[in-house]
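Enquirer: The structure is given below, and queries will be raised subsequently.
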Amino acid sequence: MKRNFSLLLVLTSFLAFSQVEEKKLDELIQNTIKTFDVPGMSVGIIKDGKMVYAKGFGLSSLTTKQKMDENTLVGIASNSKGFTATALAILADEGKLNFDDKVTKYIPEFQMYDPYVSQEVTIKDLLTHRAGLGLGQGDLMFFPEGGNLTVNDIIHNVRYLKPEYSFRNKMEYNNIMFIVAGEVIHRVSGLSWAEFIEQKIMKPVGMNSSFGSYNRAKAAKVTNIIDAHAPVDGKVIQVPHDWNETGNAAGGIISNIRDMATWADFLMNGFTTKEGKKLVSDKQIQQLWNLQIATPVAMKNAYDSNFGGYGLGWFLTDVKGHRQVYHTGGLIGTVTQFTLIPDMKLGIIVLTNQQSGAAFSTVTNTVKDAYLGIEDRNWLKTYGDRTAKMDAEFTKGKKEVYAQAEAFRKDKNQQPKPEQFVGTYKDDWFGEVLISQEGKTYRIFCKNSPRLKGELVPYTNNIFIAKWDDRSYDADAFLIFNYDEKGKAQSAKLKPISDVTDFSFDFEDLDLQRTK
């Protein structure tokens, strides 16, 4: 993109895109999906209440070859968290709850690891990632898709998650607490989380094509919906849609560019519908969009930001003196980004069917820079170079791990014996993990997460690599057995072999104890 894009956009953005601007943005998006190997991407820009750009590019599915357009439905993942917080704000305005209410008021059986914290956790704590749990801690109870645990099971098992931080001392992104928040909505309203979102938010706002969950979209037999895609061995392929109904309150919504732009306009218009109905009071909006817990901001950063942190269901920061309200979302095979600069009445939405965050950041930052009057900084090259370097490092590291495993395999005298480690292990919050021998190979199977299964490759005498059957996970992990004095495993821990592993593969918080 040429430098004059920024100035052109600023001059004409109050009306609509000029043909020159539109063509340049089209070219950027096309180059972005090519650079990051994204099958399909849709982009929307809303300015001063008007949709100035809404287009889809590429394919919604590599299998069906269906085109991606502005109406294509995509799982927005954690961008759903803003809906969960808004739902609770609506209930607060109705006098049915208060953000400072204790969670046990609505879910009496709710317990955390620390009895004191159990009685003190509020609804606000659930929505701010400050309850003491670590990054993604407990996510394996619903991630990846296909798990057996219900919402009530997850709520019960929270008591076994040993916190990584002091209560209210640090923000660490966590999905489990949003699942608990979703159950508060269910118990207070009598509606399921998805029903409440559709009936009380989407319908009045005018999000007529969206659904509270993937299953509800499929039940409606919609056809313009993405397939998920992920890189496997250097090639992007279609992978199964990944979302578990138990996690809807943390990331279950299915939407498209036009509906998400309608949502953006509603939010920036004071949470008021096009018909003039205000769904959330200013008092509650202050709760949602005020900083509840701060996070560090680099002294030097791209937007001269002075603060950063989380409100209720939203990330907050300042960019060149303007408040930015934003969130991202990611599942296996899809990532999304939603950005608002309310005082500029600017909303930018990027939805994709691949899992490259660099792709959505390239587009969002370029458009944002244009409206802020910043000359083109070539984000495509910045993120492209960075991604290529990281991918090379990750690939090199994984190859080295498997090379060491191959070298160990050739040392016949050091091979572990099946009677040392084959058996059943259990973690209190995750459940049973079965280690078995099948012919000349070993296998791992997670009972409450049936899709999480694979081969165990010996690495040392007491360490194996869990090589998951679904290669799109890119989450192979060391399985480290703790032997007793007789050389028999009594417990085990897991640890990803690479930093590329998504944080929701929460292996490091498992404490597997042998039961058989």
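Enquirer: In this model, which of Lys218/Lys277; Lys55/Lys320; Lys34/Lys381; Lys200/Lys274 are farther than 20 Å apart at the alpha-carbon?
Expert: Numbers: Lys218/Lys277 30 Å; Lys55/Lys320 28 Å; Lys34/Lys381 12 Å; Lys200/Lys274 15 Å.
Result: Lys218/Lys277; Lys55/Lys320 exceed 20 Å.
Enquirer: Where in the chain lies the longest segment free of GluC sites (Glu not before Pro) that are both loop residues by DSSP (not H, G, I, E, B) and have at most 15 other Cβ atoms within 10 Å? Numbers along the way, then the final one.
Expert: Values: sites that count: Glu94, Glu109, Glu164, Glu275, Glu375, Glu485.
Counting at most 15 other Cβ atoms within 10 Å as exposed, the longest clean stretch of the chain is 165-274.
Enquirer: Let me ask something additional. Working from Cα positions, state the angle (0 to 90°, nearest 10) between the long axis of helix 176-189 and the longest principal axis of the chain.
Expert: Relative to the chain, helix 176-189 is tipped by roughly 60 degrees.
Enquirer: Order of Ser213, Ser498 from fewest to most other C-beta atoms within 10 Å?
Expert: Details: Ser213 25, Ser498 16.
Going from least to most buried by this count: Ser498, Ser213.
Enquirer: Oh, and also: Rounded to the nearest 20 Debye, what is the dipole magnitude of the stretch 401-514 about its Cα centre when Lys and Arg each give +1 and Asp and Glu each give -1 at the C-beta? Walk me through the numbers on the way to the answer.
Expert: Numbers: 17 positive and 20 negative charges, 128 e Å.
That gives a dipole near 620 debye.
Enquirer: Based on the Cβ-Cβ distance of Lys410 and Gln437, what FRET efficiency does E = 1/(1 + (r/R0)^6) give at R0 = 22 Å, to the nearest 0.05? Intermediate results must be reported in sequence, preceding the final value.
Expert: On the way: r = 20 Å, r/R0 = 0.92.
With R0 = 22 Å, the Cβ-Cβ based efficiency is 0.65.
Enquirer: A follow-up question, please. Note the angle between two axes, namely the Cα long axis of helix 81-93 and the longest principal axis of the Cα atoms of the chain, as a number of degrees from 0 to 90, rounded to the nearest 10.
Expert: Between the helix axis and the principal axis of the chain, the angle is about 70 degrees.
Enquirer: Still on this structure, please answer the following. If N is the number of residues in the chain, what value comes out of its Cα radius of gyration divided by 2.2 N^0.38 Å?
Expert: Numbers: Rg = 23.7 Å, N = 516, 2.2 N^0.38 = 23.6 Å.
Dividing the Cα Rg of the chain by 2.2 N^0.38 Å gives 1.00.
Enquirer: A further question on this structure: To the nearest 20 debye, what is the magnitude of the charge dipole of the stretch 115-212 about its Cα centre, counting +1 on the Cβ of each Lys and Arg and -1 on the Cβ of each Asp and Glu? Mind dumping the intermediate values first?
Expert: Working: 9 positive and 10 negative charges, 63 e Å.
Roughly 300 debye, rounded to the nearest 20.
Enquirer: Same structure, new question: Against the longest principal axis of the chain, how steep is helix 357-372, in degrees 0 to 90 to the nearest 10, with axes from Cα atoms?
Expert: For 357-372 against the chain, the angle is about 20 degrees.
Enquirer: Lys453: which lysines have alpha carbons under 20 Å from its alpha carbon, excluding same-chain residues fewer than 8 sequence positions away?
Expert: Within the straight-line cut-off, Lys453 pairs with Lys398, Lys426, Lys440, Lys467, Lys493, Lys495, Lys516.
No value in this document is a laboratory result; all are computed from the given coordinates. All values reported here derive from a predicted model rather than from experimental measurement. Neighbour counts run over all protein chains shown; Cβ positions are idealised from the backbone, glycine included.
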